[in-house]
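Below: one structure, written as structure tokens.
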Amino acid sequence: MSEHIVSSYDEEIKELQGQVVSMGGLVEKIWIDAIESVTTASDEMALKVIDADKHIDNIELEIYTKAMRLLALRSPVASDLRTVVAAMRMATNLERLGDHAKNVARREKLINPDEHKEVIILLLRMYEMSLSALQQAIDAYRSPNLETAETIRANDAGIDELFNSTLAIVLKLMEPNNPPLQTEALASLLFVAKSLERMGDMTTNIAEIIIFQETGAFPTEERVRGGQVGLMESQQSRQ
Amino acid sequence: MTIDSKIQVRNVNVYYGNAQALYDVNLDIKSKEITSLIGPSGCGKSTFLRCLNRMNDVIEGCRVEGNITIDGENIYSKDKDPVLLRARVGMVFQKPNPFPKSIFDNVAYGPRIHGLAANTTELREIVENSLEQAGLMDEVKDRLNESATGLSGGQQQRICIARAIAVSPEVILMDEPCSALDPIATARVEELMGNLSINYTIVIVTHSMQQAARVSTRTAFFHLGHLVECDETNKIFTTPNDKRTEDYITGKVG
Ligand SMILES: Nc1ncnc2c1ncn2[C@@H]1O[C@H](COP(=O)(O)OP(=O)(O)O)[C@@H](O)[C@H]1O
Ligand SMILES: [Mg+2]
């Protein structure tokens, strides 16, 4: 990559990107903690997550302030402009990812990890896929990698499918004559599943932001949604 | 592409003595649109602009090769009169250069030498209409007989634009027309350019990329005498094709 004649400009852009990367690291961590708070029924961990989310919100504002400063004072164009716009979009997505982790932690008190094992197993599978995609996405942002970004986009359908399976099982478990507490626990599991599904979507957004930053293109190809489109069809439409 | 292109430039090479200033330039300039020429100092922007109204003819040792047509007519053909060409293709320079004469005489100069007015009433009409189009009429209507050199820099530049308009050109070339102006005067001239592009084809050289971005529909990037790329301004400033363009507009060194 070429260097700007004004070296402080390079530093400002690198600093902005660095801040996005470290925000990404915090988001990975907050999700690990949020799921752990549920699986270990740890109130303490859940509180820690809610606190960490506030910190992530503040970092979003810091990134916006820095990006606005760059836009106002440096008038970036071409790849510089895309980098700054991408950083802002990254910050927005990461902030929302943090919100969802917080939503999961808020459910911790209502979920007993020793009950509904079959649902929890599905949730953990969604979590593994979503977290691994998020980690790859942050890496692909740190050192831009279009191939990884495309793979992440393509894999989101798998997470959507797991969500649909979870939904089906939870609905089946919600018997009309269940005690209310039982139903609340199941609803909470469903909320967690929904947050994990959104986590996959936002990770896909990150992949698309990377593609935009590197190429200027806004990926338009409709993402294949698991469940709505059969697996066979979805594989065909990818070709 | 060729249908609405006003000016076609094909395989143009320009030399100053033995030194080559432009290399095989090909460009289509669209009618009634603003095209910006950008690029580092000495890359040949002014040289290129001067090709379009044969101002290079008057530069000692300058040789232009290739083909340039306006509305399909070869402007370098033997039977073309460069003086008439320059009435069709007007030019505004970097530093406002009004003559040390009255505001009226500055604008009336072209119509007079080209015999465009049959009488003084017509001449007055042309002058007033040109000042109007240059957005200057309100500011100078009470002092048309005062010296143009007493006006502010921005007003002087608009006098020069009025002077170019007065001979009813089809194309207006501007070589860094705002580089001596403050931001407000610059904004006025830029707004004026926007209005003029409804009726005229405008080609502007600018070292301000912000200006190119603000005023032009298309932008051409020159580098070391080569036309690197010409595309929609929005494309050039968001996703240029060529790395040299990218490096220049983002202020990078290779
Ligand atoms: N009148 C001239 N005589 C000799 N060389 C010239 C003349 N005008 C321009 N040049 C040379 O031609 C090249 C292009 O110059 P110019 O068209 O003025 O570039 P720009 O307008 O992009 O700054 C430069 O190398 C410059 O030195
Ligand atoms: Mg010049």
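Return the pair list, or none, for Cβ contacts closer than 6 Å from residues in segment B:14-32 that are closer than 22 Å to B:ILE202 by Cβ to residues that are assigned to a strand (DSSP E or B) and open to solvent by 60 Å² or more (accessible area, probe 1.4 Å), at least 6 apart or on different chains.
Qualifying pairs under 6 Å: B:ASN26/B:ARG10.
Quick check on this structure: which one of A:ILE63, A:ILE120, A:ILE152 is more than 14 Å from chain B (Cβ to nearest Cβ), buried (at least 18 other Cβ atoms within 10 Å of the Cβ) and in contact with a Pro (Cβ under 7 Å, 6 or more places away or on another chain)?
Values: A:ILE63 fails: in contact with a Pro (Cβ under 7 Å, 6 or more places away or on another chain); A:ILE152 fails: in contact with a Pro (Cβ under 7 Å, 6 or more places away or on another chain).
Residue meeting the stated conditions: A:ILE120.
Checking the structure you have, find out if any residue of segment B:226-234 is within 20 Å of B:LEU52 (Cβ to Cβ) and part of a helix (DSSP H, G or I).
For segment B:226-234, residues within 20 Å of B:LEU52 (Cβ to Cβ) and part of a helix (DSSP H, G or I): present.
Take A:GLU115 and decide whether it is open to solvent by 60 Å² or more (accessible area, probe 1.4 Å), away from chain B (no Cβ under 14 Å) and more than 30 Å from B:THR219 (Cα to Cα).
For A:GLU115, the condition - open to solvent by 60 Å² or more (accessible area, probe 1.4 Å), away from chain B (no Cβ under 14 Å) and more than 30 Å from B:THR219 (Cα to Cα) - is met.
Regarding segment B:209-219, can at least one residue be identified that is open to solvent by less than 20 Å² (accessible area, probe 1.4 Å) and in a helix (DSSP H, G or I)?
yes
For segment B:1-116, please list each of the helices (runs of 4 or more DSSP H) lying entirely inside it that holds at least 2 residues being within 16 Å of ligand 2 (Cβ to nearest atom) and closer than 30 Å to B:GLY135 by Cβ.
B:45-51
A:LEU131: more than 15 Å from the chain's Cα centre (by Cα), in a helix (DSSP H, G or I) and surrounded by fewer than 24 Cβ atoms within 10 Å (Cβ to Cβ), yes or no?
For A:LEU131, the condition - more than 15 Å from the chain's Cα centre (by Cα), in a helix (DSSP H, G or I) and surrounded by fewer than 24 Cβ atoms within 10 Å (Cβ to Cβ) - is not met.
Give all pairs with beta carbons closer than 7 Å in which a residue from segment A:1-15 that is free of Cβ contacts under 8 Å to residues at least 24 places away in the same chain meets a residue that is of a type in the set (Val, Ile, Thr) and loosely packed, with under 14 Cβ neighbours inside 10 Å; count only pairs at least 6 apart in sequence or on separate chains.
If the second residue must be of a type in the set (Val, Ile, Thr) and loosely packed, with under 14 Cβ neighbours inside 10 Å, the pairs left are A:SER2/B:VAL253; A:GLU3/B:VAL253; A:ILE5/B:VAL253.
How many residues are near ligand 1 (Cβ under 8 Å from one of its atoms), at negative phi and exposed (fewer than 14 other Cβ atoms within 10 Å of the Cβ) if we restrict to segment B:41-94?
3
The values are calculated or read from the model by the stated rules, or taken from the named source; none is laboratory data. All values reported here derive from a predicted model rather than from experimental measurement. Every residue, glycine among them, receives a Cβ derived from its backbone with ideal geometry; neighbour counts consider all protein chains shown. Note: areas computed on protein heavy atoms with side chains; ligands, DNA, RNA excluded. Shrake-Rupley method; radii C 1.70, N 1.55, O 1.52, S 1.80 Å.
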